[in-house]
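*Asks:* Could you have a look at this structure, given as structure tokens, before my questions?
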Amino acid sequence: MEIVRREQREAFITADGSSIRELAGILSGNSANQSLAEAVVPPGSATVAHFHRRAEEIYLFTDGSGRMRLGDEERTVRAGDCVVIAPGVAHKLWADTDQALVLLCCCAPAYSHDDTVLLED
């Protein structure tokens, strides 16, 4: 049994510009078919609009608040909200100015930079 502690994982910047700590996945070497990571969008900043060719994602917001665009719809998100993102659907996050927007992100298949298509410079 492997137990992973969040604080023991090194954060890295994904293709969309968010900072993530992968808890499970190919990069971590402990899951082949899906990934789970904590992502942080700093206060007042945003991710780059993007989509994934193959991966379905589930976002569970755990702290903070902000906005999310999913396809053509934009809504307020906050801790406790959960959003499912189908493959091929464009999405983007904005954190409110006063605190970071923190979320758990599950991807199946597991996250990879190669599966990410950026829609902005």
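*Asks:* If each residue of separation counts as 0.36 nm, what is the full-extension length gain between Asn33 and Arg53 once their alpha-carbon separation is subtracted?
*Replies:* Answer, rounded to one decimal: 5.7 nm.
*Asks:* Separate question: Using alpha carbons only, what's the Rg to Rh ratio of the stretch 67-119 with Rh from Kirkwood?
*Replies:* Values: Rg = 12.0 Å, Rh = 12.6 Å.
Ratio of gyration radius to Kirkwood radius: 0.95.
*Asks:* Next question. Using a 1.4 angstrom probe, figure out how much accessible area the chain has per residue, in square angstrom, rounded to the nearest whole.
*Replies:* 56 Å²
*Asks:* Given a Förster radius of 22 Å and the C-beta distance between Phe12 and Arg69 as r, what FRET efficiency does 1/(1 + (r/R0)^6) yield to the nearest 0.05?
*Replies:* Values: r = 24 Å, r/R0 = 1.08.
That pair, Phe12 with Arg69, gives E of 0.40.
*Asks:* While we're on this one: Mark the label point 7 Å from the Cα of Glu2 along Cα→Cβ and return the residues of the stretch 8-22 whose backbone N is within less than 18 Å of it.
*Replies:* Hits in the stretch 8-22 for Glu2 at 18 Å: 8-12, 21-22.
*Asks:* Work out the length of the dipole vector of the chain about its Cα centre, built from +1 on the beta-carbon of each Lys and Arg and -1 on the beta-carbon of each Asp and Glu, and round it to the nearest 20 debye.
*Replies:* Numbers: 11 positive and 19 negative charges, 35 e Å.
Roughly 160 debye, rounded to the nearest 20.
*Asks:* Mind checking which of Gly88, Thr116, Ile58 is farthest towards the positive end of the stretch 57-121's charge dipole, using Cβ charges of +1 (Lys, Arg) and -1 (Asp, Glu) about the Cα centre?
*Replies:* Ile58
*Asks:* In Å and on Cα atoms, what radius of gyration and Dmax does the chain show?
*Replies:* Values for the chain (Cα only, Rg and Dmax): 13.5, 43 Å.
*Asks:* Counting other Cβ atoms within 10 Å, which trypsin sites (Lys or Arg not before Pro) in the stretch 1-70 have at most 13 and lie in a DSSP loop?
*Replies:* Loop-located and lightly packed - Arg5, Arg53, Arg54.
*Asks:* Would you mind checking which residues have amide H under 5 Å from Ser31's amide H? H placed 1.01 Å from N; only 5 or more apart, or other chain.
*Replies:* Gly25, Ile26
*Asks:* At each listed q (0.23, 0.25, 0.31 Å⁻¹), what is the log10 of I(q)/I(0) that the Debye formula gives for the stretch 6-51 modelled as equal alpha-carbon point scatterers?
*Replies:* -0.84, -0.93, -1.13
*Asks:* Keeping the other protein chains in place, figure out the carbon and sulfur percent of the accessible area of the chain, with a 1.4 Å probe.
*Replies:* Of all accessible area on the chain, carbon and sulfur atoms account for 50 percent.
The values are calculated or read from the model by the stated rules, or taken from the named source; none is laboratory data. Since the model is a prediction, treat every value here as computed from it, not as a measurement. No Cβ is skipped: glycine too gets one built from the backbone with ideal geometry, and neighbour counts run over all protein chains shown. Just the protein is used for accessible areas: all its heavy atoms, side chains included, with ligands, DNA and RNA removed. Shrake-Rupley method; radii C 1.70, N 1.55, O 1.52, S 1.80 Å.
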